[in-house]
1. Condition test on S18, is it at pLDDT below 80 and of a type in the set (S, T, N, Q)?
2. Looking at the structure I just gave you, is A269 in contact (Cβ under 8 Å) with a residue 24 or more places away in the chain and in the same structural domain as A202 (by TED's automatic domain parsing)?
3. In the list R5, R26, which residue meets the criterion of being among the basic types (K, R) and either at pLDDT 80 or above or part of a helix (DSSP H, G or I) (or both)?
4. Collect the residues in segment 215-254 that are under 14 Å from R274 (Cα atoms) and within 40 Å of the chain's Cα centre (by Cα), keeping them in residue-number order.
5. Hey, A62 hits all of (1) within 20 Å of S31 (Cβ to Cβ); (2) crowded, with 16+ Cβ neighbours inside 10 Å; (3) at pLDDT 80 or above but one; which does it fall short on?
6. Are any residues in segment 251-273 part of a helix (DSSP H, G or I) and buried (at least 19 other Cβ atoms within 10 Å of the Cβ), and if so, which ones?
Amino acid sequence: MTRARVAGAALLLAIAASMWFSGIARAADVSASEFRTLARAAIDDPAALVRLRDVDAVDGRAVNVDGALRGARGAALDARLRELAAPDEVAPGGRDTRQDAREVLAERRFQEADVPGPFRGIIRWLRDRVPDLGWLDDLLPGGRSVVWIVLGAVLALLAWFVARRFLTTRIRASAAQQQALAAARDEDPRALEARADAAEAAGDLEAALRLRFRAGLLRLDARGAIDFRPSISTIEVRRRLHDDDFDALAATFDDVVYGGRPPAADDLAAARERWPRVIEDAA
C-alpha cells in the first residue's frame with residue numbers, strides 16, 4: 001500500500017470515527033437492571049462507559065452518573081463501576097449514586113483491583129492514558145454526545161490537514177526528482193569530457209575521473225544500454241553490460257570515490273582508453 005493510500009485511509013477512519021461517536025444516543029432513562037448491566041460492561045468497554053455517563057435517570061429517578069465517575073481513572077474507576085453494578089445500588093428511592101461512589105472510594109479494599117483476561121491489561125493501559133473529558137461537558141452545551149461530535153469533527157479535520165500536507169510534500173518531491181533526472185540527462189557527454197581534461201590538467205584527478213565516468217554513463221544511456229539516473233550504481237550497470245572493460249573502470253571508480261584511494265595518472269589513462277571500447281561493445 002502506498003503512503004498516499006495510507007493517508008487516505010487515515011482520513012476515512014477519522015470520518016468514520018466521528019460518525020460513530022456522533023451516533024451514540026443519550027440514554028436519558030434506563031431501568032435498574034439495564035443500568036447495572038451497562039455499569040458492568042463499562043469496566044472493559046469504552047463505548048459502554050460513554051453511554052453510562054450519559055444516563056440521567058434510572059426508573060424515572062434523576063441520577064448524576066457522570067458526576068459520580070468524574071475524576072476517577074484506572075482502579076478507582078473500576079471500583080466505582082463495580083459498586084454501581086452491584087444489586088440494589090441504584091433503584092427508585094435509593095441513595096444518590098455520586099454519594100455512594102465517594103463512600104466506596106473511602107474503603108481500602110477498593111483501592112486495588114485485579115484485572116483478569118488476556119486483553120484487559122491493554123484496555124486498562126489505554127484507558128488510563130485517555131484524559132478526563134468531563135470539563136468539556138461544562139464548556140459545551142448538549143451533554144457528552146455533543147462533546148464526541150465536536151471531537152470527531154476536530155479529528156476528521158486534523159486527518160484531512162495531515163493527509164493534504166503529506167500528499168503535497170510527496171508531489172513536490174517527485175517533481176523535483178524528475179527535474180533533477182531531466183537535467184542530468186540533458187548534460188552533454190562531450191562537455192563533461194572537456195571538463196575532465198581540464199580537471200586532469202589542473203591536477204584534480206578525482207574530479208576528472210568522476211566527470212569521465214558520468215560522461216560514459218550518459219553515452220550508454222543514449223545508446224539504450226542502460227537507463228541512466230543520478231543514483232544508478234556501478235553494480236547495476238555491471239549486471240546489464242557484462243563487460244570486462246567496464247568492470248575494470250567500475251572497480252577503479254569505486255576504489256577512488258567510495259574507498260578513498262588517491263587516483264593515479266594511470267587511472268585516467270585507462271579511462272580514456274577503455275570507455276570508447278565499452279560504448280562500442282554496448283552498441
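1. yes
2. Numbers: in contact (Cβ under 8 Å) with a residue 24 or more places away in the chain: no; in the same structural domain as A202 (by TED's automatic domain parsing): yes.
No; evaluated as a whole, the condition is false for this residue.
3. None of the others qualify; the one that does is R5.
4. Residues satisfying the conditions are L217, A250, F253.
5. All conditions are met except number (2).
6. The initial filter retains those residues of segment 251-273 that are part of a helix (DSSP H, G or I), namely 251-257, 265-273.
If the condition is that a residue be part of a helix (DSSP H, G or I) and buried (at least 19 other Cβ atoms within 10 Å of the Cβ), then T252, F253, V256, D267, L268, A271 are the ones that fit.
The values are calculated or read from the model by the stated rules, or taken from the named source; none is laboratory data. No experiment lies behind these values; they were computed from the predicted model shown. Virtual Cβ from ideal backbone geometry, glycine too; neighbours counted across all protein chains shown.
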